[in-house]
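Asker: One structure follows; several queries about it will come next.
The values are calculated or read from the model by the stated rules, or taken from the named source; none is laboratory data. Since we're looking at a predicted model, the values are computed, not measured. Ideal geometry is used to build each Cβ from the backbone, glycine not excepted, and the neighbour counts take in all protein chains shown. When the accessible area is computed, the model is the full protein with side chains, heavy atoms only, and any ligands, DNA or RNA have been set aside. Shrake-Rupley method; radii C 1.70, N 1.55, O 1.52, S 1.80 Å.
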Amino acid sequence: MSRLPSGGLIDRSQPLSFRFDGRTLRGFQGDTLASALLANDVRLVARSFKYHRPRGILTAGSEEPNALMQLGQGDQTTPNVRATTQELFDGLIAASQNRYPSLRFDLLGINDLLSPFFSAGFYYKTFMWPKSFWEKLYEPLIRRAAGLGMLSGKADTARYEKAFAHCDLLVIGAGPAGLMAALTAGQAGLDVILADEDFALGGRLIAETLEVDGMPGRDWVKRTSATLLAMPNVRLMPRTTITGAYDGGTYGALQRVSHHLAEVPQDAPLETFWRIVARRTILAAGAIERPIAFPNNDRPGIMMASAVRSYANRFAVAPGQRVTVFTNNDDGHRTALDLTAQGITVAAVIDTRDGITSSGDYPVIAGAQVTGTRGRQGLSGITVQTASGSRSIETDCLAVSGGWNPTVHLTCHMNGRPVWREDIAAFVPREGAVPNLHVAGAARGEFTTHGALTGGLDAARAVLSELGVTSPAIDVPRAEDSPVRLAPFWHVEGGKGRSWLDFQNDVTTKDVKLAHRENFRSVEHMKRYTTLGMATDQGKTSNMGALAIMADLTQRSIPDTGTTIFRPPYTPVALGTLGAGGAGKGFAPERLLPSDAMAREMGAKMYELGLWYRPGMFPKPGETHWRQTCDREMQMVRTAVGITDVTPLGKIALQGPDVPTLLDRVYANTFSTLAVGRVRYGIMLREDGMVLDDGTTARLSETEYVLTTTGGAAGLVFNHLDFCTQVLWPDLDVQYASETDQWAQFSIAGPKARELVNALCAEDITNETFPYMACGTVSIGAVKARLFRISFSGEHGYEIAVPARYGDSLARELGRRAEALGGGWYGLEALNALRIEKGLLTHAELDGHVTADDLGLGGMVSSKKDCIGKTLSQRPAMIGAGREQLVGLIPVSPLTQFSAGAYIFNKGAAPTLENNQGHVTSHCHSPTLGHLIAMAMLKDGRSRIGEQVVIRDHTRNIEAVCEVCTTVHLDPEGAKLRG
Amino acid sequence: MRIPCPNCGDRDSREFHYRGSAELFHRPAGDAGQPAFVEYVYFRDNPAGRHRDLWLHETGCRSWIVVERDTATHEILSTALAADVARGAQ
């Protein structure tokens, strides 16, 4: 066991039991899965992405590229969980990924031997031949081999939440800089949110043995945290990663609410996604240590030097028995000091700089490089090269330190590029890259504890000043301030074996050199060509190294070579969390008809149309095929009477002296001449001359109008009216309101429609009192209703509207009366087929690409007045020759089914885009005619009646000869409508 | 992004529907001819910087609003009710 006998921030009074790859192991409260594994001497934890090389834990933070685990079981399993950030709990179950049959013996390890074939960009050069093999063999194989973790395949039953917060100051990171900033701003009375991705506050202070104000750093953290906790105006949010910076001071944040608990509590979600709006922000996110690349630098046991300190100091785990350090800076030596203080042997500190001497009880090899390593499933030794030659050192843990990269990521989310600082050989955030965001501490390149504390205080003071609030008197606590001493060193040349840069995507220095040879030399190209930096860690430990190598190869400085852009999220966010509340029925509201309950009782088959649920048909017992039902319902309408619910059609009530003027301006045809008690069909155009929508407008009285729209365009037309009356013609004296939901409206159609309506209403409904296209108020018992004599079926028909609360009652009454007359309810299938038989239009025809003239309605565009779209509808290319025009089609050769969207070609013409003559828009089986019919847009269609054309649907293998005909297959004079 | 609606105050941009440029105010007269309408419907200035937008507060007060916005930084400089702007211009 590698657990140290004392020390650490773990709670030894709370032992925990967990499983990894089937083995039961032990840890303590306060451990992460990674620290507990290391304590149990488990160093081999993963197999790499491409080459399936044995991998170990590299870091102690969210930048971890290797130790990705499958957590949990069943439908709650989560793939790709970083062991370094997963808090240990009792009963935790984890499994390694991407290996078969086991970590120790992985069959796909053979990929490593085939590595010359899998270098960067290999998929541009392989799997090309034979062509047919791609779909049948290569793609399925690659798909199976690719990826790391696996989804359960089951529905996710976890609960997620979304939440919103506002604050004066958001402090990102609770290390020394963040704690000072929050303390200062909190004492000044600001509303502060302090967020940290870790479950324990303190940042590096709880991983180092540094002192603050004369006490151990962790004690100062404890005291400061308690002070902050007691402040009512400060909200502490541990386990919360700020994932992205967005416009207007908005930040996304992922709060891992319950991942550290064996069971998610009843009243808590698993995760919450926050949108935090802050007047000011202080980024105190610290820095991430960067490695040095050298041959075979990816063996289990090779770790970041600061991570070795974290495991030793915070978790009381010795990551090795005989540790070596490879460094180019003073910080690496701190690891040797901390380890020897705990009684762990440090075999050597290998420092690339000349003239470096030891500062403690460990040997130093100066001016040296690591040129090789041994131990496939766990490090056993390294080869070190100096000016005088090479030697071998036995070691089971190599701590690597190449310097520190300030955590600039959030400052790049709004397209800011960081700035290079030569003195620390690192990128720092650009001033003003995110409005109202200040940076403090290591995130700004201030790498000392004193620098961080001061920086946090200064940033908070700046914020207070900006907000016009007095700063409290606060002293900066005493802390170390040792200068950064570093000599840039990115990778070792020479030695045998590949040097790894991106551990997660398995990208080596060789791949970067290959990218350069193949002329992918800009960092943007290099990134995409090699995939370096494209894994779930977004290159946190690899970008810098690759950039330095590319700079070298292209003989530019690092700042001149530039960086790629970091994008949100900073660390991965589950889609379930982003979409909290939107799964299943939560995705969209359901709009139900007033007759919905009745329809479902009758066993109607419900269809979704946008947000509405509408009956598609009302099957009767014994009907086994939908066509039986549809044909019967159509017959019922054409021979008796049918009822259908048309409530979803948009209804807009308009009042005011200028309504006729407004109608004339938005409709293509004239409405100012509409008499009281009359309804008129109209079309509206868009300003570019295309048809926007069609509908009817009724004039109920001198001043009351009702405008109807198609169901799908109701919102669109309403927005359009708002635009016209507020932007274009604000001086029109009109008022209008949407009343789509306020009125339940039913269509009553068929030869017996008048008989039904007359018996229903108190008034006498005759051809004299209520001619075709009349409208008015009627009484049904004590209820006032609106009656319109209009038809969408071609039969004698009415629409009747009552306040929606009477809808259910009226629906049932209509059903009873219709059945008594040999009729009944009909649904959308029949509704649609009936109107196709009559050549009436829906948005299948009004698809945004057609003009009034295309539809044969050119005459409706009044020549006497301006209207929206009038001028551009008259452009020469919008009218006449060469345009697709609305026609009907009937099959001539055998055809089982038309298909909407099928292309039309001349007989004998090759089916190419150039020869396209148009397409089918709507179709149905006509029981009245006994065969299939369709509506179509056909080039010059109106002059081609009687001609034969060919329809083709390549995806459904439909091909047939058709005859071009009229769209009106029944009663072209409209005799049934009138009289 | 948040838009300060003159009626409702700061609201999330998702409550609004974006129509386009405030150039839409200047609809040509009915007899102005096709070139004028082509210009009105299809041609727009596309500055990287200050721009006057037309937004509808669709799930709020349903006012059309003129928003002066920097297209490069998304900073909102001013808002006004379109109806007020339209009347002012006349």
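Asker: With a point put 7 Å past each Cα toward its Cβ, work out how far residue A:223 is from residue A:1 in nm, to one decimal.
Answerer: 3.4
Asker: Can you put A:423, B:70 in order of accessible area, largest first, using a 1.4 Å probe? Working shown, then result.
Answerer: On the way: A:423 100, B:70 30 Å².
Reading off the accessible areas and sorting them downward yields A:423, B:70.
Asker: Need one word for segment A:819-903: rounded, prolate or oblate. Basis is the Cα gyration tensor (sqrt eigenvalues a ≥ b ≥ c); a/c below 1.5 gives rounded, then a/b vs b/c decides. Before the final figure, lay out the partial values.
Answerer: Working: a/c = 3.07, a/b = 1.56, b/c = 1.96.
Here segment A:819-903 falls in the oblate category.
Asker: Starting from the Cα-Cα distance between residue A:322 and residue A:583, subtract it from 0.36 nm times their residue separation and give me the gain in nm to one decimal. Mind dumping the intermediate values first?
Answerer: On the way: separation 261, 0.36 × 261 = 93.96 nm, distance 5.21 nm.
Here the segment from residue A:322 to residue A:583 would lengthen by 88.8 nm.
Asker: What shape does segment B:38-90 take by its C-alpha gyration tensor, where a ≥ b ≥ c are the square roots of the eigenvalues and a/c under 1.5 counts as rounded, a/b above b/c as prolate, and the rest as oblate? Before the final figure, lay out each step's value.
Answerer: Values: a/c = 1.67, a/b = 1.17, b/c = 1.43.
Oblate, since a/c reaches 1.5 and b/c is not below a/b.
Asker: Moving to a separate point now. Using alpha carbon centroids, what distance separates segment A:564-630 and segment A:65-132, in Å?
Answerer: Their Cα centres are 37 Å away from one another.
Asker: Can I ask one more? Taking 0.36 nm per residue of separation and subtracting the Cα-Cα distance, what length does fully extending residue A:90 through residue A:737 add?
Answerer: On the way: separation 647, 0.36 × 647 = 232.92 nm, distance 6.01 nm.
So the extension gain works out to 226.9 nm.
Asker: Provide, for q = 0.19, 0.25, 0.26 Å⁻¹, the log10 of I(q)/I(0) from a solvent-free Debye sum over equal Cα point scatterers in segment A:510-596.
Answerer: -0.83, -1.19, -1.25
Asker: Only protein chains counted, 1.4 angstrom probe. Which residues of segment B:1-26 are at least 40 Å² less accessible in the assembly than when their chain is isolated?
Answerer: Listed by number, the residues meeting the 40 Å² cut-off are B:2, B:14, B:19.
Asker: Hey, which of these cross-link pairs are over 32 Å Cα-Cα: A:131/A:585; A:50/A:154; A:838/A:865; A:605/A:939? It would help to have the intermediate numbers written out before the result.
Answerer: Values: A:131/A:585 43 Å; A:50/A:154 27 Å; A:838/A:865 30 Å; A:605/A:939 38 Å.
Check vs 32 Å cut-off fails for A:131/A:585; A:605/A:939.
Asker: I want the antiparallel fraction of DSSP beta bridges within the protein assembly as shown, as a percent rounded to 5. Could you put the intermediate results ahead of the total?
Answerer: Numbers: 151 of 198 bridges.
The antiparallel proportion sits near 75 percent.
Asker: Show me, for segment A:5-21, the HN-Hα J-couplings you get by feeding each phi into the Karplus relation (A = 6.51, B = -1.76, C = 1.60, θ = phi - 60°), rounded to Hz, glycine and proline as x.
Answerer: With coefficients 6.51, -1.76 and 1.60, one gets x, 8, x, x, 9, 7, 9, 5, 7, 10, x, 10, 10, 8, 10, 10, 6 Hz.
Asker: Kyte-Doolittle cut-off -0.5, length cut-off 18 Å along the helix's own axis using Cα: show which whole DSSP H helices in chain A pass. Before the final figure, lay out each step's value.
Answerer: Values: long enough: A:217-230 (20 Å, -0.32); A:449-466 (26 Å, 0.26); A:626-639 (20 Å, -1.38); A:807-820 (20 Å, -0.90).
Those that clear 18 Å and a mean of -0.5 are A:217-230, A:449-466.
Asker: Determine the share of segment A:804-924's accessible area contributed by carbon and sulfur atoms, expressed in whole percent, with a 1.4 angstrom probe. Walk me through the numbers before you get to the answer.
Answerer: Working: 2700 of 5010 Å².
Carbon-and-sulfur percentage of accessible area, whole number: 54.
Asker: I would also like to ask the following. Kindly identify residues of segment A:854-887 having a loss of at least 30 Å² in accessible area between the isolated chain and the assembly of all protein chains, probe radius 1.4 Å.
Answerer: Relative to the lone chain, where solvent access is computed with a 1.4 Å probe, segment A:854-887 loses at least 30 Å² at A:866, A:871, A:872, A:875.
Asker: To the nearest 0.05, how large is the calculated FRET efficiency for residue A:100 and residue A:374 if R₀ is 30 Å and r is the Cβ-Cβ distance? Please report the intermediate quantities before stating the final value.
Answerer: Details: r = 26 Å, r/R0 = 0.87.
So the FRET efficiency works out to roughly 0.70.
Asker: Using a Förster distance of 45 angstrom, determine the FRET efficiency expected from the C-beta separation of residue A:896 and residue A:230, and round it to 0.05. Write down the numbers at each step before the final one.
Answerer: Numbers: r = 77 Å, r/R0 = 1.71.
Calculated value: 0.05.
Asker: Another question, if that's okay. Determine, from the Cβ-Cβ distance of residue A:673 and residue A:955 and an R0 of 45 Å, the FRET efficiency 1/(1 + (r/R0)^6), rounded to the nearest 0.05. It would help to have the intermediate numbers written out before the result.
Answerer: Values: r = 48 Å, r/R0 = 1.08.
Between residue A:673 and residue A:955 the formula returns 0.40.
Asker: So which GluC sites (Glu not before Pro) in segment A:201-304 end up in coil per DSSP with only 16 or fewer other C-beta atoms within 10 Å? Don't skip to the answer; put the middle values down first.
Answerer: On the way: sites: A:208, A:211, A:263, A:271, A:289; in loops: A:208, A:263.
Sites meeting the loop and neighbour criteria: A:263.
Asker: If you check each cysteine of the protein assembly as shown for another cysteine whose beta-carbon is under 4.7 Å away, which ones come up empty?
Answerer: So, A:167, A:397, A:412, A:630, A:724, A:761, A:775, A:867, A:924, A:962, A:965, B:61.
Asker: Another question, if that's okay. Place a point 7 Å from Cα of residue A:701 in the direction of its Cβ. Which residues in segment A:739-762 have their backbone N less than 18 Å from it?
Answerer: A:739, A:743
Asker: Pull out a ≥ b ≥ c, the square roots of the eigenvalues of the alpha-carbon gyration tensor of segment A:767-840, then state rounded if a/c is under 1.5, prolate if not and a/b is larger than b/c, and oblate in the remaining case.
Answerer: Numbers: a/c = 1.87, a/b = 1.25, b/c = 1.49.
The shape class here is oblate.
Asker: Test of the criteria: in segment A:485-527, which GluC sites (Glu not before Pro) are in a DSSP loop and have at most 16 other Cβ atoms within 10 angstrom of their Cβ? Don't skip to the answer; put the middle values down first.
Answerer: Numbers: sites: A:493, A:518, A:524; in loops: A:493, A:518.
Sites meeting the loop and neighbour criteria: A:493, A:518.
Asker: Determine the shielding of peptide A:718-731 by partner chains: average, over its residues, the number of Cβ atoms on other chains within 10 angstrom of each Cβ. Before the final figure, lay out each step's value.
Answerer: Details: counts 3, 6, 1, 0, 9, 6, 2, 3, 12, 13, 7, 3, 11, 4.
Mean partner-chain Cβ count within 10 Å for A:718-731: 6.
Asker: Return the whole-Å distance between the Cα centroid of segment A:461-533 and the Cα centroid of segment A:295-365.
Answerer: That distance is 21 Å.
Asker: If I compute solvent accessible area with a 1.4 Å probe over the protein chains, what percent of it on chain B is carbon and sulfur? Mind dumping the intermediate values first?
Answerer: Working: 2340 of 4870 Å².
C and S fraction of accessible area: 48 percent.
Asker: Here is a follow-up. For the residue pair residue A:124 and residue A:465, what label-to-label distance in nm results when each label sits 7 Å from Cα along the Cα-to-beta-carbon direction?
Answerer: 5.1
Asker: When only C-alpha pairs under 8 Å and at least 6 residues apart count, what is the relative contact order of chain A, in percent?
Answerer: Working: 2276 pairs, mean separation 84.4, N = 979.
It comes to 9 percent, rounded to a whole number.
Asker: Continuing with the same structure: Hey, got the average number of other protein chain Cβ atoms within 10 angstrom for residues in B:34-45? Can you show the working numbers first?
Answerer: Numbers: counts 6, 1, 1, 10, 4, 0, 4, 7, 3, 0, 0, 0.
Per residue, the average neighbour count from other chains is 3.
Asker: Please give the contour-minus-distance gain from residue A:772 to residue A:863: 0.36 nm per residue of separation, less the Cα-Cα distance, rounded to one decimal in nm.
Answerer: Details: separation 91, 0.36 × 91 = 32.76 nm, distance 2.59 nm.
This chain segment gains 30.2 nm when fully extended.
Asker: Okay, moving on. Can you grab the distance from the C-alpha centre of segment A:667-700 to the C-alpha centre of segment A:872-899, Å, no decimals?
Answerer: Result: 24 Å between the Cα centres.
Asker: Ballpark to the nearest 100 Å², how much total accessible area do A and B bury together, probe 1.4 Å? Mind dumping the intermediate values first?
Answerer: Details: alone 40960 and 6050 Å², together 44630 Å².
Its buried surface, counting both partners, is about 2400 Å².
Asker: Excluding residue A:454 itself, what net charge comes from residues whose Cβ is under 13 Å from its Cβ, given Lys and Arg +1 and Asp and Glu -1?
Answerer: -2
Asker: Rank-order A:252-259, A:55-62 by packing density, defined as the average count of other C-beta atoms within 10 Å over each peptide's residues, highest first. Write out the running numbers ahead of the final one.
Answerer: Values: A:252-259: 20.5, A:55-62: 25.8.
For the peptides A:252-259, A:55-62, the packing ranking is A:55-62, A:252-259.
Asker: Here is a follow-up. As an exercise, identify the trypsin sites (Lys or Arg not before Pro) in segment A:480-579 lying in DSSP coil whose Cβ has no more than 10 other Cβ atoms within 10 Å. Intermediate results must be reported in sequence, preceding the final value.
Answerer: Working: sites: A:485, A:496, A:498, A:510, A:513, A:517, A:521, A:527, A:528, A:540, A:556; in loops: A:485, A:496, A:498, A:521, A:540, A:556.
Filter output for segment A:480-579: A:496.
Asker: Let me ask you something else. Using heavy-atom solvent-accessible surface (probe 1.4 Å) with all chains present, what is the largest-first order of A:862, A:152?
Answerer: Values: A:862 15, A:152 40 Å².
Order by accessible area, largest first: A:152, A:862.
Asker: Which value, in Å², gives the accessible area per residue of chain A when a 1.4 Å probe is used on the protein heavy atoms?
Answerer: Working: 39750 Å² over 979 residues.
Result: 41 Å² of accessible area for each residue.
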